[in-house]
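Reading through the structure tokens given below for one structure.
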Amino acid sequence: MTNAPSIFTRIINGESPCHKVYEDAHTIAFLDIGPVSRGHVLVVPKEERVRLHELSEASAAALGSALQKVAAAVVKATGCADYNVLQNNGAPAHQAVMHVHFHIIPKHADGSGLGIRWDAGKAPTDAAALVEAIRKSVPC
Ligand code: 5GP
């Protein structure tokens, strides 16, 4: 059984419309259909994967480069220097479209933009073990 292409793959393939602001060999960016604020843009790899860590290295590298370029363009076009970059992985982490994407969400002077509630915890007591586990898991 093959999975149906994501809505973003349909946009990449020209089968669904979008307001495109940027495209290169690996990446596309377009306006979010339900913007949190004016200038809310999605930056999307053409490689269809659900989670960020599943991308190929080439796709991830191109995505990082495009993200910086599109952020610069959004800042220039909106005149809004403040913004959040959001990237959700998995439904419990608020991912609705199961195709990797970064949000660029301008934070305007009128307060429109992303609202964040950040419940900071305590520093881990087993930081050394945690660090070792993560360091050992970094892909070569
Ligand atoms: P997520 O919660 O997965 O990080 O966010 C998905 C985003 O995709 C939402 O902000 C939603 O408005 C946007 N979105 C969903 N479908 C479409 C679509 O067909 N076109 C565009 N341009 N954006 C979409």
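The values are calculated or read from the model by the stated rules, or taken from the named source; none is laboratory data. Quick caveat, the model's predicted, so the values are computed rather than measured. When we count neighbours, we look across all protein chains shown, and the Cβ atoms used for this are built from the backbone with ideal geometry, even at glycine. Remember, those area values only see protein heavy atoms, side chains included, never the ligands or the DNA or RNA. Shrake-Rupley method; radii C 1.70, N 1.55, O 1.52, S 1.80 Å.
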* Where nothing but the Cβ of Lys and Arg (+1) and of Asp and Glu (-1) is charged, how large is the charge dipole of region 1-138 around its Cα centre, in debye to the nearest 20? -> 160 debye
* **trypsin sites (Lys or Arg not before Pro), loop per DSSP, at most 11 other Cβ atoms within 10 Å - longest free stretch of the chain** => 1-116
* Asked: Among Ala127, Ala72, Ala91, which one moves the most in a GNM of the chain with springs linking Cα atoms closer than 10 Å?
  -> Ala127
* Asked: Out of residues 5 or more away from Lys46 or on other chains, whose amide H comes under 5 Å of its own, with H placed 1.01 Å from N in the peptide plane?
  -> Thr27, Ile28
* Sites His108 and Lys20 - FRET efficiency at Förster radius 22 Å, r taken between beta-carbons, to 0.05 -> 0.45
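Evaluate E = 1/(1 + (r/R0)^6) for Trp118 and Arg10, where r is the Cβ-Cβ distance and R0 equals 30 Å; express this FRET efficiency to the nearest 0.05.
0.30
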* Asked: Put a dot 7 Å past each Cα toward the Cβ at Val97 and Glu132; how far apart are the dots in nm?
  -> 4.3 nm
* Structure fact -> Residue-normalised 222 nm signal for the chain, counting each DSSP H run of n ≥ 4 as -39,500 (n - 2.57), nearest 500 deg cm²/dmol, is -9000 deg cm²/dmol
* **In the chain, lysine pairs with alpha-carbon atoms under 18 angstrom apart (chain gap of 8 or more, or interchain)** => 6
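For the chain, rounded, prolate or oblate, judged on the Cα gyration tensor with a ≥ b ≥ c (square roots of eigenvalues), a/c < 1.5 rounded, else prolate if a/b > b/c?
Note, shape of the chain comes out oblate.
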* To do: State the percentage of accessible surface on the chain attributable to carbon and sulfur atoms; use a 1.4 Å probe and exclude ligands, DNA and RNA.
  => 58 percent
* To do: Find the centroid of the Cα atoms in region 98-140 and in region 16-46, then give the distance between the two in whole Å.
  => 22 Å
* Structure fact -> Taking a crude spin-label model, label points 7 Å out from Cα along the C-beta direction, the Glu54 to Leu31 distance in nm is 3.0 nm
* Asked: What residue among Pro45, Pro124, Pro92 has the largest mean-square fluctuation in a Gaussian network model of the chain, using Cα springs under 10 Å?
  -> Pro124
* Just Thr78, Thr125, Thr27 to compare: in a GNM of the chain, with alpha carbon springs under 10 Å, which one fluctuates most? -> Thr125
